[in-house]
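The values are calculated or read from the model by the stated rules, or taken from the named source; none is laboratory data. As the structure is a prediction and not an experimental result, all values here were calculated from the model. Positions of Cβ are backbone-derived with ideal geometry, glycine not excepted, and every protein chain shown enters the neighbour counts. Note: areas computed on protein heavy atoms with side chains; ligands, DNA, RNA excluded. Shrake-Rupley method; radii C 1.70, N 1.55, O 1.52, S 1.80 Å.
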Amino acid sequence: YRGLMKLANEQGDPARALTYAQAALAQRIAEYGPDSQKAGTGYYDLGYALEATGQFDDAANAYRHVHEIDLLHLAPGSFDLMEGLGGEGAAELFAGQLHAGRDHLREALKIADHVGGKPRELQASYAEQLCFAGLTMAPAAADKVCARATQLDTAVFGATSARYGLGLRLTGMLAIERGELVGARATLNQSTALLATADNVAWRGRTAITLGEVDLIEGRNDEAVQALATGIEQFGKSYPPHLRRIGLALLALACDRAPAPNCPANAFEHAATELAAVAYQWNPMLLPAQIALARVDLAHARVAAASERLRTAIAHAENEVDSTQPRLLEARLWLADAEAAAGSCDTARASAQATVLTVRKNHLETHPLLAAALKATADSKPCGSLVQ
């Protein structure tokens, strides 16, 4: 069953792989007992298979079983204790439980620090996930954790490897969240060069989608469409699946701005349908997708749809990310614009002014992620300027 699971994954059939993982776990429990290390291996495989199908809450539970079983069999401080704990944390991130995921990843890496010795691949991977949590939740304070991820990637994979290039994408993402687009592009170009010969085409797709977002933010619409379309094709339905949803939504926004020859038909409908089909659609890491689709709605006077999308996204994000997180501020500014478009001028003005006050207090007035939204609130219709 385990061999069949791996083969199904390699053939791009995660649903069939999950069926085999479930069968393997049932057999392991029947043969060796529910608390055996053999069962622990089965739960780990199940968690991996559940992640591949986007069932992150269930995946986190499976990894939690791994850690509980490991505690019964492994000595305190054993490096292998980080496996289930880190897997649980990573799954929680993608389920939208950012605080819990970050905390479990921190605990997993503390185990590795305690053990010491030569850094290992799993340690580097969990450090990357912790960096991702940091840049999603509070990019202004993520420098340290992301620098550590880069350090471990260098030690484990080597600074000229394709795998190191994959990790560099996170550094580029942090630069975007910090509003440093020149640095982001330089880092992402370096990532692209290192990934040029990678056997895993989906890795190249990850960086292409992120570069496409930089193009979109900078107003290079044709380049954005090309990079996003290429990245989505290369990435396919690979892991992590939320990235495909972000790419599709950004492509829908770019194509709505200025249709290009390689814009797919019904780009908005395609992106909205794929996003709505997954349980984790309101995960704060998907704020870029929700904002992009809301902007398309606003451009076509679908004010109620944009407002509902933004309110729901904000409600799910505000308890998981820092109040100064640029994506959250951007969502709030676009919501104020939507409220103004609906004629609720007093509500829109109060919302916009409160958000702009946070922007100014944190010196984010020139942040490129906020530029279009700030411009919209400065001259909204039919309320005029929403800010003083």
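General observations
- Close pairs from the range 335-347: first open to solvent by 20 Å² or more (accessible area, probe 1.4 Å), partner outside any helix (DSSP H, G or I) and among the hydrophobic types (A, V, I, L, M, F, W, C), Cβ under 6 Å, at least 6 apart: 345/383
- None of 62, 91 is touching a helix residue (DSSP H, G or I) at 6+ places or on another chain (Cβ under 8 Å), under 19 Å from residue 285 (Cβ atoms) and part of a helix (DSSP H, G or I) except 91.
- Pair list, Cβ under 9 Å, 6 or more apart: the range 252-272 residue of a type in the set (D, E, K, R), other residue open to solvent by 80 Å² or more (accessible area, probe 1.4 Å) and at pLDDT 95 or above: 256/300
- Scope the range 48-89; condition open to solvent by 50 Å² or more (accessible area, probe 1.4 Å) and touching a residue at least 60 places away in the same chain (Cβ under 8 Å); matching residues: 55, 57
- Residue in the range 275-293 that is touching a residue at least 12 places away in the same chain (Cβ under 8 Å) and more than 23 Å from residue 173 (Cα to Cα) present: yes
- Of all the listed residues (315, 306, 348), the sole one being out of contact with any Asp or Glu (no Cβ under 6 Å at 6 or more places or on another chain), modelled with pLDDT of 95 or more and part of a helix (DSSP H, G or I) is 315.
- Taking first residues from the range 14-31 that are at pLDDT below 95 and partners that are in a helix (DSSP H, G or I), the Cβ contacts under 7 Å between residues at least 6 apart in sequence or on separate chains come to 14/49; 14/52.
Okay, residues lined up against (1) free of Cβ contacts under 8 Å to residues at least 24 places away in the same chain; (2) in a loop (DSSP other than H, G, I, E, B); (3) open to solvent by 20 Å² or more (accessible area, probe 1.4 Å):
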| site | (1), (2), (3) |
| --- | --- |
| 182 | yes, no, yes |
| 186 | yes, no, yes |
| 189 | yes, no, yes |
| 193 | no, no, yes |
| 197 | no, yes, yes |
| 206 | no, no, yes |
| 214 | no, no, no |
| 222 | no, no, yes |
| 238 | no, yes, yes |
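- When 48, 44 are checked against the criterion of being modelled with pLDDT under 95 and out of contact with any Pro (no Cβ under 6 Å at 6 or more places or on another chain), 48 stands alone in meeting it.
- Residues in the range 5-32 that are more than 28 Å from the chain's Cα centre (by Cα), open to solvent by 80 Å² or more (accessible area, probe 1.4 Å) and not small (Gly, Ala, Ser): 27, 31, 32.
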